[in-house]
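Student: Here you go, one structure.
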């Protein structure tokens, strides 16, 4: 809503917007930290099997629809509908962070020359993301009642900006401050062997922030009394929501589209899940890769605005199908960049600026194809969602789309080691293929030689699978797009 001067009328809502922004920033912190851990593990030479195990950390946000109806329906009237879940979730995040800060050096294998304990790290970061997803459900709901009706549209802005800022702090800023090379080059007058911030210190700091912030919000921020129409009927509300979802899933059109959502990223699995880790394996420093997110962020913000011009019509999935082969080709181009990376390395192990410019251009073009498909699918979801249960319908489709990326990323990571052919040259009876086997080979005086890298095999296989998928499923996508809206309605 605009005031008489044509400016947004935020009267009475400025402090609410600031609070929502803070809560979403906090939500992005564990997400960013979870995104940085695979890069830290890769620099410690863990296997891709272990990276696949850790990738389960990213699943909670993709499947939060499973418990979202429970969060919406069950609450304490004394504490408030949203604070019932938000306060315990944030307290637990803070407690987990504080506890993890005392153990993380050991879990990363930095103490007593241990190997990284990936399974325990996975448990802790899975719980952090599960709690952050629960907090997200609660804050999304609170935003709708915290803001006045004229400013409720600011909720999505707070979500997008806050979560992006939090992710930036937990990912880019942390990896930069954790790097001794970055700190010595840009922030210190005298070099030291460690960065300004360790993961343990970062976890401890944000653990305290979570506990203090949550306490202040709990004490000083009141929830307004819900209107009668906003009060759910507890168990019946939960059952009703799940029944609505079941009715949607049973629709023939939705069944066919679910197959599309769960399989359309098969051609991109190796590129999306493995490429960045392979660049680190080739010697690119983690903090430099993370810093590429800085120029990529405005691109990611502007792309949906530009692409939406082409997806606003009645056939958004045409853009989806046109972008798919281009995204497949970008996967091949990025694999070629990985292959050529060693040839750009300087004698001191660094890389020239023009190499990073090439990586940035490659990733920017890849983002264009990725966002073309993403924005097109979101526009299609908005078109076909039954207005009677619009929010639930949209969330279901988005959940399945995210899940379609997660299971393929986990599978792609798991298979890399299995299809990589390497041997221990110079020592009989030893092989390579895992961190322990590689170390045993080097200790015995041998050298691990990779004859065929599974990443390149996966990229080639994904290209073929993606093209075959496009050939077999493109007509199905077009047919689904041409169906009447009644075919998607669970209430008709």
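Student: Treating each Cα of the range 238-492 as an identical point scatterer and ignoring solvent, apply the Debye formula and state log10 I(q)/I(0) at q = 0.15, 0.16 Å⁻¹.
Tutor: -1.10, -1.19
Student: For a label point 7 angstrom out from the Cα of residue 421 toward its Cβ, which stretches of the range 453-482 have the backbone nitrogen within less than 17 Å?
Tutor: Once the point is set 7 Å along Cα→Cβ of residue 421, 453-461 turn out to lie under 17 Å by backbone N, inside the range 453-482.
Student: So what is Rg over Rh here for the range 11-232, counting just Cα atoms and using Kirkwood for Rh?
Tutor: Working: Rg = 18.9 Å, Rh = 18.6 Å.
On the Cα set of the range 11-232, Rg over Rh gives 1.02.
Student: I would also like to ask the following. Using the alpha-carbon atoms, what tilt in degrees (0 to 90, nearest 10) does helix 293-311 show relative to the longest principal axis of the chain?
Tutor: Approximately 50 degrees, to the nearest ten.
Student: Further, regarding this structure: At a threshold of 8 angstrom on Cα-Cα distance, excluding pairs fewer than six apart, so keeping six or more, what relative contact order does the chain reach in percent?
Tutor: 22
Student: Now a separate question. Based on Cα positions only, what radius of gyration and what Dmax would you give for the chain, in angstroms?
Tutor: Over the chain's Cα set, Rg and Dmax evaluate to 24.1, 83 Å.
Student: Between residue 343 and residue 361, how many nm apart are label points set 7 Å from Cα along the C-beta direction?
Tutor: Going from the residue 343 label point to the residue 361 one covers 1.6 nm.
Student: Please tell me the relative contact order of the range 238-492 in percent, rounded to the nearest whole number, where contacts are Cα pairs under 8 Å and at least six residues apart.
Tutor: On the way: 281 pairs, mean separation 84.4, N = 255.
Over the range 238-492, the number comes to 33 percent.
Student: So, one more: Starting from 0.36 nm per residue, how many nanometres of slack lie between residue 95 and residue 428 once their C-alpha separation is accounted for? Spell out each step's value before the answer.
Tutor: Details: separation 333, 0.36 × 333 = 119.88 nm, distance 4.96 nm.
Gain on extension, residue 95 to residue 428, equals 114.9 nm.
Student: While we're on this one: Hey, what angle do you get for helix 154-168 against the long axis of the chain, alpha-carbon based, 0 to 90 degrees rounded to 10?
Tutor: 20
Student: Just to be sure I understand the model, the point goes 7 Å from the Cα along the line to the Cβ. What's the resulting residue 482 to residue 221 distance in nm?
Tutor: Computed distance between label sites residue 482 and residue 221 equals 5.0 nm.
Student: With the contact rule set at Cα under 8 Å and sequence spacing of 6 or more, what percent relative contact order holds for the range 387-486? Don't skip to the answer; put the middle values down first.
Tutor: On the way: 76 pairs, mean separation 21.5, N = 100.
Relative contact order for the range 387-486 comes out at 21 percent.
Student: Then there's this: Can you give the extra length, in nm with one decimal, that the chain gains between residue 173 and residue 43 once fully stretched, where that is 0.36 nm per residue apart less the Cα-Cα distance? Intermediate results must be reported in sequence, preceding the final value.
Tutor: Numbers: separation 130, 0.36 × 130 = 46.80 nm, distance 1.77 nm.
That works out to 45.0 nm of additional length.
Student: Within the range 17-47, find all residues whose amide N lies under 20 Å from a label point positioned 7 Å from the Cα of residue 106 along Cα-to-beta-carbon.
Tutor: Residues 41 fall inside that zone.
Student: In whole Å, largest first, what are the principal axis extents of the Cα atoms in the range 170-319?
Tutor: Cα extents, longest axis first: 64, 49, 28 Å.
Student: Could you calculate the contour length gain from residue 212 to residue 310, that is, 0.36 nm times the residue separation minus the distance between their Cα atoms, to one decimal place in nm? Walk me through the numbers on the way to the answer.
Tutor: Values: separation 98, 0.36 × 98 = 35.28 nm, distance 4.57 nm.
30.7 nm is the gain from fully extending residue 212 to residue 310.
Student: Determine, from the Cβ-Cβ distance of residue 123 and residue 354 and an R0 of 35 Å, the FRET efficiency 1/(1 + (r/R0)^6), rounded to the nearest 0.05. Each step should come with its number before you reach the end.
Tutor: On the way: r = 42 Å, r/R0 = 1.20.
Step by step, r from the Cβ atoms, then E = 0.25.
Student: Mark the label point 7 Å from the Cα of residue 240 along Cα→Cβ and return the residues of the range 64-107 whose backbone N is within less than 14 Å of it.
Tutor: Zone members listed by number: 69-70, 72-74.
Student: OK, next. At a Förster radius of 35 Å, what calculated FRET efficiency corresponds to the Cβ-Cβ distance of residue 259 and residue 294, to the nearest 0.05?
Tutor: Details: r = 38 Å, r/R0 = 1.08.
Result of the calculation: an efficiency of 0.40.
Student: What's the FRET efficiency of residue 113 with residue 450 using the Cβ-Cβ distance as r and R₀ = 25 Å, to the nearest 0.05?
Tutor: Values: r = 25 Å, r/R0 = 1.00.
Between residue 113 and residue 450 the formula returns 0.50.
Student: Rounded if a/c is under 1.5, else prolate if a/b beats b/c, else oblate: with a ≥ b ≥ c from the C-alpha gyration tensor eigenvalues square-rooted, which is the range 29-142? Could you put the intermediate results ahead of the total?
Tutor: Numbers: a/c = 3.48, a/b = 2.09, b/c = 1.67.
Prolate shape, in that a/c is at least 1.5 and a/b is the bigger ratio.
Student: Here's another thing I want to ask about it. So how far apart, in nm, are the two label points at residue 464 and residue 247 if each is 7 Å from Cα heading toward Cβ?
Tutor: According to this spin-label approximation, the distance is 4.6 nm.
Readers should treat all values here as calculations from the given coordinates under stated rules, not as data from a laboratory. Keep in mind it's a predicted model, so treat the numbers as computed, not measured. With ideal geometry, Cβ positions are generated from the backbone for all residues, glycine too; neighbour counts draw on all protein chains shown.
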